[in-house]
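Where a number appears in this text, it was derived from the coordinates with a stated rule and is not lab data. All of these numbers come straight from a predicted model, not from anything done at the bench. Cβ sites come from the backbone with ideal geometry, for glycine too, and all protein chains shown count toward neighbours.
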Amino acid sequence: MIKQRLSCRDFIMFVAALFYLQTMTFITGLIVYFEKYLLSLLFVMVFIFCGTSISSQEIQWMTMEEALQMRKTENKKILVDMHTDWCGWCKKMEEATFRQPHIAQFINENFLPVKFNAESQEAIDFNSSTYNWVRQGNRGYHELALKFAESLGRLSFPTIVFINENLQIIQPIPGFQKAEKFEPILHYIAGDYYLNTPWKAFEREFEGLNSVSR
């Protein structure tokens, strides 16, 4: 039997190949081992990113007490969504209008948004006065709801109430509002156009600007 001796060059190549195979095996093992952790990390990052995007498109509703506290540091008007538990149009406006991303974003940026149940029974301090629940038949109403709707002459739901930085009622807007109709109202109030510009003139200008931007 003839014995064949390895040259130095062949020996080095053999060692290099063996080292390469062991290294690749080790790396493959690490990839398999950490794969599930990498995927978990990826899912967490996606969840955080998407969760932030979704939350930024939802109105950050608060109570009247919270809004009155926040106005001490944020110079914003208050937007009140006056509703009741049994009001179907209130629920429809929540779904069809308030959950529109551009509506939600504009409200969050320009107002302190308040959810106010007009039949709630908690006493509320507003503008140096205390308002309470009043029983009426089997139900009742909150005195603050009556105050907000004073210029309307009756309670109607939903009613959106705009309040300025000095806690003066700008105007209550009764009834369901579609997003496309509600958007110019928000701009009209937030930009203080209501102080000097007639609504019809502003509405025409707003529609014109929107048609150009499209």
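Find the lysine pairs in the stretch 84-190 meeting two conditions, Cα atoms under 22 Å apart and a separation of 8 or more places or different chains, and report how many there are.
9
What are the trypsin sites (Lys or Arg not before Pro) within the stretch 86-138 that DSSP puts in a loop, where the Cβ has at most 14 other Cβ atoms within 10 Å?
Here the trypsin sites (Lys or Arg not before Pro) that fit, given the DSSP loop and packing criteria, are Arg99.
With an 8 Å cut-off on Cα pairs and a minimum separation of 6 or more residues, tell me the relative contact order of the stretch 59-213 in percent.
26
Counting Lys and Arg as +1 and Asp and Glu as -1, each charge on the Cβ, what is the dipole of the stretch 59-213 about the Cα centre in debye, to the nearest 20?
Roughly 300 debye, rounded to the nearest 20.
Could you sort 168-175, 123-130 so that the peptide with the highest average Cβ count within 10 Å comes first and the rest follow in order?
The peptides rank, most packed first, as 168-175, 123-130.
Which percentage, to the nearest 5, of the DSSP beta bridges contained in the stretch 58-214 is antiparallel?
So the antiparallel bridges in the stretch 58-214 amount to around 70 percent.
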